[in-house]
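A.B. asks: What follows is a single structure, and I will ask about it in a moment.
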Amino acid sequence: MGKEDIIQEGITEIIRNLKNISFEDQTVLITGGAGFLGSWLCDVLIKQNARVICLDNFASGLEGNVSHLLNQENFKFVKHDISQPIYFDEKIDVVMHLASRASPLEFDKFPIQIIKANTLGTWIALGIAKKHGAKFLFTSTSEIYGDAKIIPTPETYNGDVNPVGVRGCYDESKRAGEAMCMAYMRQHGLDVRIARIFNTYGPRMRADGVYGRVVSRFIHQALNNKPITIFGDGKQTRSFCYVTDQVEGLLRLAWFDEAKGEVVNIGNPNEITILELAEIIKKITNSNSSLDFHPLPPDDPRRRCPDISKARRLLKWDSKVELKEGLTRMIEWLKF
Ligand code: UDP
C-alpha cells in the first residue's frame with residue numbers, strides 16, 4: 001500500500017462513518033486548509049461534492065497537502081494570511097477557521113503570528129461568516145485548559161493558564177478566539193460552534209524542525225534509530241486521537257443544529273504517559289533507539305485527557321481508532 005492509499009482509505013472511512021452527514025453543494029471556506037487537519041477536511045469535503053475554498057499562507061501548512069486537489073473543479077486555493085482582510089464574491093455557507101501554528105516548539109519562535117492568527121484572524125473569519133450568513137466553526141484547543149485540575153476534563157472546566165508563560169501566546173489567543181465567537185453569536189446571532197481539539201496524530205502531521213509534535217517526532221526518531229527525545233521524566237500524560245476520528249468529529253460539530261453555540265471537546269480519552277508512547281512506537285517500528293532525557297519545557301501540562309461525554313451525546317460521535325492501530329497507519333505513511 002502506498003502513501004496516498006493510506007490517506008484515501010482514511011477519507012473513505014470518515015465518509016462511511018458520517019453516514020447521511022454531507023456538505024454536498026455547500027461552499028466551505030477552510031482557513032489553514034493546507035495544514036494537517038485542514039487538508040483532511042478539504043479532501044473529505046471535495047469527495048462529498050462540496051465547493052471548497054482553501055486559504056493558507058504556508059506558515060506551517062504545506063502545498064503538497066493539497067496540490068492533488070488543484071485540478072478539481074470545485075476546489076479553489078487562495079494564498080493568504082487570514083490576519084489580513086480578504087473578501088469573497090461567491091456565497092459561502094460554512095467557515096471553518098483552523099489557521100494557526102500549533103506546535104509548542106513554534107510558540108517560542110512565532111508568538112506574534114500565533115496571536116494574530118487566533119485574534120485578528122478569528123475576527124476576520126467571523127466577519128466573513130457574518131457577511132455571508134455562514135455557519136462558523138472555530139478550532140480551539142485543549143490548551144485553553146492549561147494545567148487542568150480536573151481529569152478527564154469537561155467543557156465546563158474554565159482552565160488554569162499562565163498568561164505570561166511561553167504557551168500564553170497560543171492558550172490565551174485561543175481563549176480570546178472563543179470569546180470572540182461567543183460575542184458574534186450574542187451580538188449578531190451568528191451560528192458559531194467551538195471545537196476543543198485534543199492531541200491528534202496521523203498522516204500529514206509534520207515531523208520536521210519546530211513543526212514536529214511528540215508522535216511525529218518519536219516515529220521519525222524510531223524509524224531512523226536515533227535517540228528518542230523525552231522531555232522531563234516522561235511521566236506527563238497525553239491522550240492521542242487518530243486524525244480520521246478528529247475530522248469526523250469536526251464535521252459532525254459543523255453539521256448538527258443542536259451544536260449551535262456549543263463548545264465541544266474532540267479527542268480520544270485513552271490517557272498514556274509519554275514514556276509509554278515511546279515504548280509503543282519503539283515496539284511497532286522494531287527500533288533500537290535509546291531514550292534521551294531532556295529538560296521539560298516550561299508550563300508543559302502534567303496531564304491531559306478529554307471528557308468526551310458531550311460529543312458522544314450531542315454529535316453521536318465517539319473516538320474509534322485504537323492507539324496501536326493509528327500509530328501503525330501513521331508509521332506506514334511516514335516510512336515512504
Ligand atoms: N515531548 C517529548 N519529546 C518530544 C516532543 C514532545 O517528550 O520530542 C513531550 C512534551 O513535553 C509534552 C508531550 O510530549 O509533554 C506532547 O508534546 P506535543 O509537542 O505533542 O504537544 P502538547 O501536547 O504539549 O501541546
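A.B. asks: So between ALA179 and THR273, what do we pick up on full extension, going 0.36 nm a residue minus the alpha carbon distance? Please report the intermediate quantities before stating the final value.
C.D. replies: On the way: separation 94, 0.36 × 94 = 33.84 nm, distance 3.18 nm.
Between ALA179 and THR273, full extension yields 30.7 nm more.
A.B. asks: Cα gyration tensor of the range 7-66, axes a ≥ b ≥ c as square roots of the eigenvalues: rounded (a/c below 1.5), prolate (a/b > b/c) or oblate? If you can, show how the numbers build up before the last one.
C.D. replies: Details: a/c = 2.80, a/b = 1.50, b/c = 1.87.
The shape class here is oblate.
A.B. asks: Of VAL243, GLY232, GLN187, which is farthest on the positive side of the dipole of the range 182-254, counting Cα position, with +1 on Lys and Arg Cβ, -1 on Asp and Glu Cβ, and the Cα centre as origin?
C.D. replies: GLY232
A.B. asks: Which value, in debye to the nearest 20, gives the size of the charge dipole of the chain about its Cα centre, when Lys and Arg are +1 and Asp and Glu are -1 at the Cβ? Display every interim value, and only then the final one.
C.D. replies: On the way: 43 positive and 42 negative charges, 45 e Å.
Charge dipole, the chain, about its Cα centre: 220 debye, nearest 20.
A.B. asks: Work the Kirkwood hydrodynamic radius out for the range 47-153: mean of 1/r over every pair of different alpha-carbon atoms, inverted, in Å. Intermediate values should be presented prior to the final figure.
C.D. replies: Working: mean 1/r = 0.0645 Å⁻¹.
Taking every pair of different Cα atoms in the range 47-153, averaging 1/r and inverting gives 15.5 Å.
A.B. asks: Same structure, new question: Within straight cross-link reach of LYS130, meaning Cα distance under 15 Å, which aspartates and glutamates are found once same-chain residues fewer than 8 apart are removed?
C.D. replies: Within the straight-line limit of under 15 Å, LYS130 reaches these aspartates and glutamates: ASP89, GLU90, ASP93, ASP191.
A.B. asks: For a Förster distance of 25 Å, can you work out the FRET efficiency between the beta-carbons of HIS188 and ASP257, rounded to the nearest 0.05?
C.D. replies: Numbers: r = 18 Å, r/R0 = 0.73.
Efficiency for this residue pair is about 0.85.
A.B. asks: While we're here: Any idea what the relative contact order of the chain is, in percent, if you count C-alpha pairs under 8 Å spaced at least 6 apart?
C.D. replies: Values: 677 pairs, mean separation 59.9, N = 336.
Once normalised by length, the contact order is 18 percent.
A.B. asks: Gap in Å between the Cα centre of the range 322-336 and the Cα centre of the range 21-43?
C.D. replies: Here the two parts' Cα centres lie 23 Å apart.
A.B. asks: For the pair THR229 and PHE336, how long in nm is the line joining their label points, each one 7 Å along Cα→Cβ?
C.D. replies: Spacing of the two 7 Å Cα→Cβ label points: 2.7 nm.
A.B. asks: With Cβ to Cβ distances under 11 Å as the rule, what net charge do the other residues near GLN8 carry (K, R +1; D, E -1)? Could you put the intermediate results ahead of the total?
C.D. replies: Values: positive: LYS3, LYS47; negative: GLU4, ASP5, GLU9, GLU13, ASP43.
Charge balance in the 11 Å sphere: -3.
A.B. asks: Per the helix-only calculation at 222 nm, which mean residue ellipticity applies to the chain, given -39500 (n - 2.57) for every DSSP H run of n ≥ 4 and division by its residues, nearest 500 deg cm²/dmol? Don't skip to the answer; put the middle values down first.
C.D. replies: Details: 11 runs with 131 residues, N = 336.
Dividing the helical sum by the residues of the chain leaves -12000 deg cm²/dmol.
A.B. asks: Also, I was wondering about something else. Kirkwood Rh and Cα-based Rg: tell me the resulting Rg over Rh for the range 152-301, rounded to two decimals. Mind dumping the intermediate values first?
C.D. replies: Numbers: Rg = 17.8 Å, Rh = 17.4 Å.
With Rh from the inverse mean 1/r over Cα pairs, Rg/Rh is 1.02.
A.B. asks: Over every pair of different alpha-carbon atoms in the range 268-336, take the mean of 1/r and invert it; report that Kirkwood radius in Å. Display every interim value, and only then the final one.
C.D. replies: Details: mean 1/r = 0.0680 Å⁻¹.
Taking every pair of different Cα atoms in the range 268-336, averaging 1/r and inverting gives 14.7 Å.
A.B. asks: List the lysines whose Cα sits under 18 Å from the Cα of LYS76, skipping any in the same chain fewer than 8 residues away.
C.D. replies: Once the sequence-local lysines are set aside, what remains near LYS76 is LYS47, LYS91.
A.B. asks: Continuing with this model, one more query. Can you tell me how much longer the chain between LYS283 and GLN84 gets when fully stretched, taken as 0.36 nm per residue apart minus their C-alpha distance, in nm with one decimal? Don't jump to the answer; show the numbers that get you there.
C.D. replies: Values: separation 199, 0.36 × 199 = 71.64 nm, distance 4.60 nm.
Using 0.36 nm per residue and subtracting the Cα-Cα distance, I get 67.0 nm.
A.B. asks: Let me ask something else about it. Which ³J(HN,Hα) values in Hz, rounded to whole numbers, follow from the phi angles of the range 62-78 under the Karplus curve 6.51 cos²θ - 1.76 cosθ + 1.60, where θ = phi - 60° and Gly and Pro get x?
C.D. replies: Result, ordered by residue: 10, 4, x, 6, 10, 4, 5, 9, 4, 8, 7, 4, 8, 10, 10, 9, 10 Hz.
A.B. asks: Given the pairs LYS174/LYS310; LYS131/LYS310; LYS174/LYS335; LYS19/LYS335; LYS235/LYS316; LYS109/LYS282, which span a C-alpha to C-alpha distance of over 22 angstrom in this model? Let's see the in-between values first.
C.D. replies: Numbers: LYS174/LYS310 20 Å; LYS131/LYS310 30 Å; LYS174/LYS335 34 Å; LYS19/LYS335 32 Å; LYS235/LYS316 33 Å; LYS109/LYS282 30 Å.
Too far apart for the 22 Å limit: LYS131/LYS310; LYS174/LYS335; LYS19/LYS335; LYS235/LYS316; LYS109/LYS282.
A.B. asks: What is the Cα centroid distance between the range 232-249 and the range 81-125, reported in whole angstrom?
C.D. replies: 23
A.B. asks: Would you mind computing Rg(Cα) / (2.2 N^0.38 Å) for the chain, counting N as its residues? Mind showing how you got there, number by number?
C.D. replies: Values: Rg = 18.7 Å, N = 336, 2.2 N^0.38 = 20.1 Å.
Against the compact-globule rule of thumb, the ratio is 0.93.
A.B. asks: Follow-up. Of the listed peptides 196-202, 101-107, 5-11, what is their order by residue-averaged count of other C-beta atoms within 10 Å, with the highest listed first?
C.D. replies: Values: 196-202: 24.4, 101-107: 20.7, 5-11: 16.9.
Averaged packing, sorted descending, gives the order 196-202, 101-107, 5-11.
Throughout, read-outs are computed from the coordinates displayed, never taken from laboratory work. Just so it is clear, the structure is predicted and the values come from calculations on it, not from any experiment. Note that each Cβ is placed from the backbone with ideal geometry, even for glycine, and that neighbours are counted across all protein chains shown.
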